[in-house]
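To keep things clear, I will list the structure first and then write my remarks on it.
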Amino acid sequence: MKCAEIEQLIPAWLEKDLPPEEQAMVSLHLERCARCGDVAADLAVIETVLEMRRAAVPPASRTVAALLGTAGRSRARTILDFAFGGPCLAAWTMLALGVILFVFRSKTVFLFSPKLGLFERLSFLSERLVQGIVHVSGGDAWILAAVYGGLTLLMVLVSAWTVMSLARARQ
Amino acid sequence: LKAEEDHELVTGALQGSQRAFREIVERHHSVAYAAARAVLGDGDDVEDAVQNAFLKVFRGLHTFRGTSKLSTWIYRIARNEAINVAKKAAPDVIPVEGVELRVPEEEHPDARLERRQAGEMLEEALANLDGEQRQAIELRYLGDRSYEEISEIMEIPLGTVKTHIHRGKLMLRLMLKRRKLPARKEAGTS
């Protein structure tokens, strides 16, 4: 086989992708022919340089981040929507009202007493909140039912909102 | 199995799943990058072209019928996007029978040979390769794809892929030699 023909086989020979007989024949030729040996050595270097270029490929995560930039903001917005929008806004308002009622109508000093356990603190807090609601309603059964019904509905809405927001954020 | 997984990812992405979206980009990013790089070289606009290509992929995901592989589809979009970018940005790119060939800029060979490294010379040689040879080489080395995968992505026979890559490498060597920069010697000293 002539050098020109061998040269065409060298890339496959370097990859050991030739049939065994051809692989052996090229090996034998390369041992004897300095010119073809140079071709093989050059191609081996080119192979190495081509492989080295792979390190310069930017990570896919950069493209993902660029493409999901909008989606990322909408996820943050989802959390903000959840915290300050819709039913949660009503919940925050109710909580603020409860705190105001508590501050004005309960013995806050007692709540912060170091002798009190966590459970006692919580039960005291809820008791004062209920008392506050009763006070606002003036003891009227209809107003009480409306307030408690409203609170229950609010809790259901907030729960549903939470589940939906979490499912959206996980996607 | 991979095609089935791709199909599931497409379905997921169409349903608005960001996880599926991310997975598609991570799986096929190297193919898109290799396709864009084969057209645009190592310019700054390669990443922009890849991002635009993926934007087009997701905007057109509902039109993906699965008649070809997802990687083939993304490869085509990325390549077309890169060609569009090249047409807009570089007046020195001349389309010849659907193949983009870069016209070398005016240069002073001696001065360039002194300061250029083997990698940079190789980039120039790559830019002057035949379009299909370069696509195949970029998919093999930048895309880290097997010959079989390249055959599927480019929709050409396996033997043709090997021929493109082998002849492409021989051509690269010739071009480097013509520039009086022996690849072996230069790379050995760098």
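Would you mind stating whether residue B:59 is buried (at least 17 other Cβ atoms within 10 Å of the Cβ) and basic (Lys, Arg)?
Considered against the rule, which asks whether it is buried (at least 17 other Cβ atoms within 10 Å of the Cβ) and basic (Lys, Arg), residue B:59 comes out as no.
Return the only residue of B:98, B:60, B:43 being modelled with pLDDT under 80 and more than 23 Å from residue B:145 (Cα to Cα).
The match here is B:98.
For region A:16-62, how many residues are of a type outside the set (Lys, Arg), within 21 Å of residue B:144 (Cα to Cα) and either in contact with a Pro (Cβ under 9 Å, 6 or more places away or on another chain) or surrounded by 14 or more Cβ atoms within 10 Å (Cβ to Cβ) (or both)?
11
Quick one: which of B:86, B:20, B:53, B:13 is closer than 21 Å to residue B:129 by Cβ, of a type in the set (A, V, I, L, M), modelled with pLDDT of 80 or more and assigned to a helix (DSSP H, G or I)?
Of B:86, B:20, B:53, B:13, the one residue that is closer than 21 Å to residue B:129 by Cβ, of a type in the set (A, V, I, L, M), modelled with pLDDT of 80 or more and assigned to a helix (DSSP H, G or I) is B:86.
Listed here are the residues, each with its yes/no results for (1) within 14 Å of another protein chain (Cβ to nearest Cβ); (2) under 18 Å from residue B:24 (Cα atoms); (3) outside any loop (DSSP other than H, G, I, E, B); (4) modelled with pLDDT under 90.
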{"position": "B:72", "(1), (2), (3), (4)": "no, yes, yes, no"}
{"position": "B:75", "(1), (2), (3), (4)": "no, yes, yes, no"}
{"position": "B:112", "(1), (2), (3), (4)": "no, no, yes, yes"}
{"position": "B:139", "(1), (2), (3), (4)": "yes, yes, yes, no"}
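For the condition more than 16 Å from the chain's Cα centre (by Cα), at pLDDT 90 or above and not hydrophobic (A, V, I, L, M, F, W, C), what is the one hit in B:173, B:179?
Every option except B:173 fails the conditions.
Scan region B:141-153 for residues that are part of a helix (DSSP H, G or I), closer than 23 Å to residue A:59 by Cα and more than 10 Å from the chain's Cα centre (by Cα) and jot them down.
B:147, B:149, B:150, B:153
Please find, within region A:1-15, the residue that is surrounded by the fewest Cβ atoms within 10 Å (Cβ to Cβ) out of those that are part of a loop (DSSP other than H, G, I, E, B) and over 55 Å from the mean Cα position of the chain (by Cα).
Going through the qualifying residues, I end up with A:2.
Six or more apart or on different chains, Cβ under 8 Å: which pairs go from a residue in region B:11-30 that's closer than 25 Å to residue A:54 by Cα and facing chain A (nearest Cβ under 9 Å) to one that's among the acidic types (Asp, Glu) and not in a helix (DSSP H, G or I)? Could you list them?
Going by the 8 Å Cβ cut-off, the qualifying pairs are B:30/B:144.
Scan region A:121-140 for residues that are at pLDDT below 70 and hydroxyl-bearing (Ser, Thr, Tyr) and jot them down.
Correct list: A:137 only.
Of (1) within 14 Å of another protein chain (Cβ to nearest Cβ); (2) free of Cβ contacts under 8 Å to residues at least 40 places away in the same chain, residue B:80 satisfies all except one. Which?
(1)
Give the number of residues within region B:154-167 that are in a helix (DSSP H, G or I) and either more than 9 Å from chain A (Cβ to nearest Cβ) or β-branched (Val, Ile, Thr) (or both).
Summing the residues that are in a helix (DSSP H, G or I) and either more than 9 Å from chain A (Cβ to nearest Cβ) or β-branched (Val, Ile, Thr) (or both) in region B:154-167 gives 8.
Looking only at residues in region B:31-47 that are part of a helix (DSSP H, G or I) and more than 13 Å from residue B:139 (Cα to Cα), which one is nearest to the other protein chains (Cβ to nearest Cβ)?
B:47
Can you name every residue in region A:14-46 that is closer than 21 Å to residue B:164 by Cα and more than 10 Å from every other protein chain (Cβ to nearest Cβ)?
Listed by number, the residues that qualify are A:16, A:18, A:19, A:22, A:23, A:26, A:36.
Does residue B:80 qualify as being at pLDDT 85 or above, surrounded by 15 or more Cβ atoms within 10 Å (Cβ to Cβ) and farther than 19 Å from residue A:54 by Cβ?
yes
Sort out which residues of region B:18-42 are more than 15 Å from residue A:65 (Cα to Cα) and surrounded by fewer than 17 Cβ atoms within 10 Å (Cβ to Cβ), and write them in order of number.
Correct list: B:42 only.
The values are calculated or read from the model by the stated rules, or taken from the named source; none is laboratory data. Computed from a predicted structure; not experimentally measured. Positions of Cβ are generated from backbone atoms using ideal geometry, with glycine treated the same way; all protein chains shown enter the neighbour counts.
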